[in-house]
1. Just give me the residues in region 187-237 being under 18 Å from Gln291 (Cα atoms), away from ligand 2 (no atom under 14 Å from the Cβ) and without any contact (Cβ under 8 Å) to a residue 60 or more places away in the chain, in sequence order.
2. Whether any residue in region 199-216 is over 25 Å from Arg284 (Cβ atoms) and of a type outside the set (A, V, I, L, M) is what I want to check.
3. For region 43-105, list the helices (runs of 4 or more DSSP H) that sit wholly inside it and hold at least 2 residues that are over 16 Å from the mean Cα position of the chain (by Cα) and within 30 Å of Phe143 (Cα to Cα); which are they?
4. Restricting region 258-278 to residues that are touching a Ser or Thr at 6+ places or on another chain (Cβ under 9 Å) and away from ligand 1 (no atom under 16 Å from the Cβ), which is nearest to Gln98 (Cα to Cα)?
5. State which residue is nearest to ligand 1 (Cβ to nearest atom) when the search covers only region 279-304 and only residues that are β-branched (Val, Ile, Thr) and surrounded by fewer than 24 Cβ atoms within 10 Å (Cβ to Cβ).
6. Looking only at region 170-210, count every residue that is out of contact with any helix residue (DSSP H, G or I) (no Cβ under 7 Å at 6 or more places or on another chain), assigned to a loop (DSSP other than H, G, I, E, B) and closer than 16 Å to Gly268 by Cα and tell me the total.
7. Within region 164-196, count every residue that is under 30 Å from Arg314 (Cα atoms), among the β-branched types (Val, Ile, Thr) and in contact with a Lys or Arg (Cβ under 8 Å, 6 or more places away or on another chain).
8. I'd like to check which strands (runs of 3 or more DSSP E) are fully inside region 255-299 and have at least 2 residues that are under 17 Å from Asp209 (Cβ atoms).
Amino acid sequence: MRILVVGKGGREHALVRALAESPGSPELFCFPGSDAIFELAKPVEADGLESLVAWMKSNAIDLCVAGEESYLVKGEGLANLCGKNGIPCWGPPKESAQLEASKEFAKEFLVRNSIPTARATATDTLAEAVAAIAGEYPTVLKFDGLAAGKGVAVCPDEASAMSFLDEVFSQRRFGPGRVLVEQCLTGPEVSVFAAIIDDQYLIFTPARDYKRALDGDLGPNTGGMGAVASRQLVSQEILAQIEQEIVRPTVDGLRRENLPYRGFLYFGIMLTPTGPQVIEYNCRFGDPECQAVMPLVRGDLAAFCLAGANGELRADLIRFGTGWSVCVILASAGYPENSRNGDAISGLEKITASRVYHSGTQRTADGNWETHGGRVLAVVAGGSTREQAVTQAHAAADLVEFDGLQRRRDIGILNF
Ligand code: AMP
Ligand code: GLY
C-alpha cells in the first residue's frame, strides 16, 4: 500500500509513525513533511494542491491521509480533488470542512441539529459585537475563520474584549471576517475523536489538552503544551452521553445535510454542570492529542484508514490500549508570542523507552537537530497507570536540552 500524508507537524509525525508500524509496512510519502518525517516517509515535491494530486495519480498512491486542516479548504479542497481523480482520501471535502473553517457554519449546524453548545450571536461590526455582549462578562469572542489557534478570546472584562475586537475589526489581524459573541461555559474540557465514515463512526481514546503556556494552567493560550489520553479520562456514563447527545446527532446531521464525511472529526467538548457541550469541531486529529493517542492504537491503522476512505468501517482492524499516555511538549524561546529557530537540541539519543515526535525541528548540515518552530518536540510515554505514564514522560523530557526550552511540569498531573 502506498500512502501519502499531508502536513508537517508533530501530529503528522505521530500519524506517519502509526501508519509505518501497521502490519503491511506501507510505503509512505509526505507533503510538505519535515526532516523528522522524512526518516519514515519520502518527500514529495509539489507546487500547490493540483500538482500534489497529479503526483499522487501518476505515482499510484492508494490513500491520501489529510493531517493538517488547511489543505482541506484550500482551492478546490484536497479531498474534493482526490475524489475527482479517483484517489481515496481520509479527510472530508471542502463543504464539510466548513465545520472547522467557519465557526458560524459550525454553530448553525449545531443549533439545527439540537446538539448542546454555547449560545452565540454573529456580528459584523464593533458596535454589533458590543451590543451582543450586552455588558455580560466573562464573554467568549471567536473570529469566524481559520486563525491558527489565535482566533478565540475568553474575555474576563470589557478591556480584554475591546482589545480583541480592535484587533479583529480595526487592525484586521486575521483578515476580513465576522466575530461570534458566545456565552462563556465552565467545566473541564475533553477532546473526543471519532473516525466518521458516512453514517457510521468509531470513537477513539479520549484526550485532554493543556492549552495554557504555564503550570497551574496559567499564562497565554498556546497550540497545546501537552496532552493526556486514556479511556479512563471520562466515565462510561459521560462518554455514553457524549456519544448519544453529540457524536451520533453530528453524524446524522452530516448525512441529512448532504455533507459527506470520511475522516477524523475532533469534538472539543466542555463538561459543564448541565452536561457535555460542543465548544468546537475540527476536521482532523488534535495536536498534541494525536501524539498521546496514537501510541495507544493497536492493529492496522493503515488498513483501517484505507477501508474508511473507501466507505467501509472496519472496527475489527484496530483496538485501543487500556492504559494511560502522556505527551509533554518542549517549546522554543518566545513561544507562543513568537518562536526562536536555530537552537541546538541535545539529549535525544538518551531517550530509549519513550517516543519522541518532532513538531518543529530541522536537521543541521552536520546531522544534528535544531529548533525550527514554536512547539519543538513531543515526548510521549505510556503506562498502565496515570502515575507511571506521567513519571516516565517527564523523566524522558528531562533528558532533552536546548537554549530557551519551555515546558510545563504539570502535564498529566494537573486534573481539571
Ligand atoms: P478553540 O480555538 O475554539 O478551541 O477555543 C480555544 C479555547 O477557548 C477552548 O479550548 C476553551 O478553553 C475556550 N473556549 C472556547 N469557547 C468557549 C466557551 N464558549 N466558553 C468557555 N471557554 C471557551
Ligand atoms: N489541541 C488543539 C487542537 O489541535 O486544535
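Quick note: the coordinates plus some simple rules give every number you see, no bench work behind them. Keep in mind that what you see is a predicted model, and the values were worked out from it rather than measured. Cβ sites come from the backbone with ideal geometry, for glycine too, and all protein chains shown count toward neighbours.
1. Ile203, Leu233 - these are the residues of region 187-237 that are under 18 Å from Gln291 (Cα atoms), away from ligand 2 (no atom under 14 Å from the Cβ) and without any contact (Cβ under 8 Å) to a residue 60 or more places away in the chain.
2. Yes: one or more hits.
3. Passing ranges, in order: 49-58, 78-84, 94-101.
4. It comes out as Leu259.
5. Of the residues in region 279-304, the ones β-branched (Val, Ile, Thr) are 279, 293, 297.
Still in the running and surrounded by fewer than 24 Cβ atoms within 10 Å (Cβ to Cβ): 279, 297.
Working: Ile279: 4, Val297: 23 Å.
Filtering first and then ranking leaves Ile279.
6. So the count comes out to 6.
7. 2
8. Of the strands (runs of 3 or more DSSP E) lying wholly inside region 255-299, those with at least 2 residues that are under 17 Å from Asp209 (Cβ atoms) span 262-272, 275-282.
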